[in-house]
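Inspection log for the structure reproduced underneath, given as structure tokens.
The values are calculated or read from the model by the stated rules, or taken from the named source; none is laboratory data. Fair warning: this is a prediction, and the values are worked out from it, not measured in the lab. Here the Cβ positions follow ideal geometry from the backbone for every residue, glycine too, while neighbour counts run over all protein chains shown. We work out accessible area using only protein heavy atoms, side chains counted, and drop any ligands, DNA or RNA first. Shrake-Rupley method; radii C 1.70, N 1.55, O 1.52, S 1.80 Å.
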Amino acid sequence: MMNVALVGPTCAGKTTCASRLCELFQLRHLSTGQVLRENRIQQTALGILTRKYVERGQLVPNVIVNAMIEEAVRKLPPEQGLLLDGFPSTLYQARFLDELFHATGRRLDAVLWLQIPEAVVFERAARREPPRPDDRPEILHHRLRVFHRTTGPVLDFYRKAKRLVYLDATGSIEAVSGAVAAVLEQIKAGSFQAALADHQNRFLDDLLTEPVPGKITVSQPSLDLIVMGAPGSGKGTHASFLASQFAIPHIATGNLFRENLGEGTLLGKIARAYIDRGELVPDDVTESMIRERLSRADAKDGFVLDGFPRTLPQCKALDEIMAQLNRKIDSVIFLVVPDEEIVNRIAGRWLCPLCQSPYHLEYHPPKKPNTCDRDGSPLYRRDDDTPETVRARLKIFRGQTLPVIEYYRQANLLFEVPGSGEVAQVDGLLLAVMKKIKRQ
Ligand SMILES: [Zn+2]
């Protein structure tokens, strides 16, 4: 029995290679895309939860993808060998996989890294039939950078564990499958030893070196803020309040995603292609939407960003976007609300289907019952606003977002603001914090 994983950028031939080798070595093929599709088709709880994230234009949290992989692995007898493809794609997933395998009496024997030069990716993408809208060179270029940013640490993790194999995947699919098969034969024979050659180590070291963002030269007159908080913390309401106070746009990623889909922008079309194929919208598409939005004229004096970044790689992406705009994030406001209060709040929450304004029967009632103050739409309740789903979402939030909060704390940008109680009272606290921020 052996367990291996294939890692590589788009067009590296992972899927073709995986299906050939699974047959040859009687391995079960397990990919993120496949478990996601199965869960959505079978309408499992995880599948329904995923659909909600995708529809709101949010990255499906690692914990959900992990739970799906765990379920799929536990269903198989331990003697059935596995070939993973597209998983793990983050360091968090790599650590999770080790724990899961340990708990199920498995061992990940090797991680095969199919490396191809960028030029070959472009060449292969251009020949792909049928052509995909996301294979356009400018999108691909960005996709590869995002891939390297998230995969570099994964590769390093397996290099340190002496399980990483570097394979040059530039040749024909026969040649690449042959090279992978040779490694699998060694594992089977018990003679496998992973070691990278010097130039392969150097290549990975380069991948791990982060580009130094350009120096910020102008003293910045803009006010660039992030508002963070758990679901139900009132993040949207308070972000929108701050935006109107300082006459800067409130940029909520959910709205941005819907806007791009609705208007059929290039990025919207790309996102749509993924959704229609039942796949996750990749991070680089969301990042590109943010980049485009922050570059618009109305955001030149500042913005209040809400819903991004949600993960550490997204933090780094935002740093990069800001550096390109010759700006930097001024402050990150984290609304802290106890879990039980959040559960109570969400039970009384109503939303506008048109502008997404949130209301609350007790804390923030609409002027006319059941009617949006801004556009008169009848309000609705979300079907996942039950105490159990709220607790599950809070757990996911912590797993996914606390590292982001820590990142901004380390950078001395974080302001924690108690978000309990009445909206007006919290707004007052926010204004007091803003005085401090503006003075800095
Ligand atoms: Zn409305």
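A few comments on the model shown:
- Residues satisfying the stated conditions in region 373-394, i.e. at pLDDT 85 or above and farther than 21 Å from residue 426 by Cβ: 375, 376, 377, 378, 379, 380, 381, 391
- Residue 384 falls short on exactly one of the conditions (1) in contact (Cβ under 8 Å) with a residue 60 or more places away in the chain; (2) in a helix (DSSP H, G or I); (3) charged (D, E, K, R), and that condition is (2).
- Residue that is nearest to residue 433 (Cα to Cα) [pool: residues in region 388-420 that are open to solvent by 80 Å² or more (accessible area, probe 1.4 Å) and assigned to a helix (DSSP H, G or I)]: 409
- In the condition set (1) open to solvent by less than 40 Å² (accessible area, probe 1.4 Å); (2) more than 16 Å from the ligand (Cβ to nearest atom); (3) modelled with pLDDT of 90 or more, residue 366 is compliant with all but (2).
- Residues being open to solvent by 50 Å² or more (accessible area, probe 1.4 Å) and under 16 Å from residue 301 (Cα atoms) - total across region 326-345: 1
- Residue 83 satisfies every condition listed in (1) open to solvent by 50 Å² or more (accessible area, probe 1.4 Å); (2) outside any loop (DSSP other than H, G, I, E, B) except (1).
- The residue of region 376-386 that is nearest to the ligand (Cβ to nearest atom), among those that are within 32 Å of the chain's Cα centre (by Cα) and open to solvent by 60 Å² or more (accessible area, probe 1.4 Å), is 380.
- Selection status of residue 323, assigned by TED's automatic domain parsing to the domain that holds residue 291, surrounded by fewer than 20 Cβ atoms within 10 Å (Cβ to Cβ) and under 24 Å from residue 221 (Cα atoms): yes
- Selection over region 341-362 of residues that are away from the ligand (no atom under 11 Å from the Cβ), touching a residue at least 60 places away in the same chain (Cβ under 8 Å) and not β-branched (Val, Ile, Thr) gives a count of 3.
- If you go through region 86-97 and pick out every residue that is outside any loop (DSSP other than H, G, I, E, B) and either open to solvent by less than 50 Å² (accessible area, probe 1.4 Å) or touching an Asp or Glu at 6+ places or on another chain (Cβ under 9 Å) (or both), you end up with 5.
- Every residue from region 103-135 that is free of Cβ contacts under 8 Å to residues at least 24 places away in the same chain and open to solvent by 30 Å² or more (accessible area, probe 1.4 Å): 103, 119, 122, 123, 126, 127, 129, 130, 131
- Of all residues making up region 41-62, the number that are in a helix (DSSP H, G or I) and open to solvent by less than 60 Å² (accessible area, probe 1.4 Å): 8
- Residue 403 being farther than 20 Å from residue 258 by Cβ, within 16 Å of the ligand (Cβ to nearest atom) and modelled with pLDDT of 85 or more: no
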